[in-house]
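These notes are about the structure you will find just below.
The values are calculated or read from the model by the stated rules, or taken from the named source; none is laboratory data. Predicted model only: the values in this text are computed from it and were never measured. Glycine gets a Cβ as well: all are built from the backbone with ideal geometry, and neighbour counts include every protein chain shown.
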Amino acid sequence: MEPSFRECAFRAADAQDMRALGSALGSCLADGDAVALIGGLGAGKTCFAQGVATGMGVAEDVVSPTFNIVLTYQGQRGTLHHFDLYRLEDASQLEDTGFFECADEGTPGACLIEWADLFPDELPEGALSVRIAAERCEEGSVRIVHAHAEDAHAASLLSRWIGAVGQGGRL
């Protein structure tokens with residue numbers, strides 16, 4: 001039986017580390033999975049999202065969908081629906097973005113939702129919460145990537161991600 005983790009933290013020293021962590025997660029994503037990505041401006045969400053796309057086998061350049069709200073990418077391992085909720089002011093605006101359709105359990109693909117903390121009550125059930133924060137240290141600054149699983153589905157995804165990263169990346 002696969003171990004079930006509920007929380008984990010990773011340290012990323014630079015953008016390459018952020019992309020590597022994202023890629024490891026992307027390699028674990030399947031249809032119906034959702035990742036709630038949280039972090040301030042400049043935290044590294046886009047680098048992380050680029051890594052997720054790489055892990056899913058997306059060949060095209062991945063950019064933050066700030067003005068589009070959602071960009072969908074087809075990768076070798078499946079479809080990635082990449083949302084950025086930063087510009088939305090009200091949860092009712094999610095209806096016009098296709099958010100609920102993409103986040104529906106029966107829709108093919110995985111969802112990566114930037115600024116997910118703006119509308120926590122609207123997130124798909126079973127979403128893995130990933131919070132990115134910058135911290136100062138002797139070497140300068142590092143990113144701490146903290147993952148939290150509320151339910152068994154998210155815990156299973158987190159366990160697969162930890163396995164993909166290996167013990168070297170865990171705090």
- With GLY57, GLY51 as the choices, which residue is over 21 Å from GLY126 (Cβ atoms) and in a loop (DSSP other than H, G, I, E, B)? GLY57
- Query: So how many residues does region 25-36 have that are in a helix (DSSP H, G or I) and of a type in the set (A, V, I, L, M)?
  - Reply: 1
- Task: Scan region 102-125 and give yes if some residue there is assigned to a strand (DSSP E or B) and at positive phi, otherwise no.
- Result: no
- Message: For the list (1) in a strand (DSSP E or B); (2) within 12 Å of VAL35 (Cα to Cα); (3) out of contact with any strand residue (DSSP E or B) (no Cβ under 7 Å at 6 or more places or on another chain), I need the number of the one condition that ARG136 fails.
- Response: (2)
- Selected residue (only one of ILE38, ILE69 is under 19 Å from SER129 (Cβ atoms) and of a type in the set (A, V, I, L, M, F, W, C)): ILE38
- Criterion violated by GLY22 - all others in (1) at pLDDT below 95; (2) at negative phi; (3) outside any strand (DSSP E or B); (4) not β-branched (Val, Ile, Thr) satisfied: (1)
- Item | Qualifying residue in region 78-85 (condition: closer than 21 Å to SER156 by Cβ, surrounded by fewer than 20 Cβ atoms within 10 Å (Cβ to Cβ) and either among the β-branched types (Val, Ile, Thr) or under 12 Å from the mean Cα position of the chain (by Cα) (or both)) | yes
- For region 55-77, how many residues meet the condition of being surrounded by fewer than 22 Cβ atoms within 10 Å (Cβ to Cβ), hydrophobic (A, V, I, L, M, F, W, C) and touching a residue at least 40 places away in the same chain (Cβ under 8 Å)? 0
- Item | Lone unmet requirement of (1) assigned to a strand (DSSP E or B); (2) within 20 Å of HIS153 (Cβ to Cβ); (3) in contact with a Leu (Cβ under 7 Å, 6 or more places away or on another chain) for ALA9 | (2)
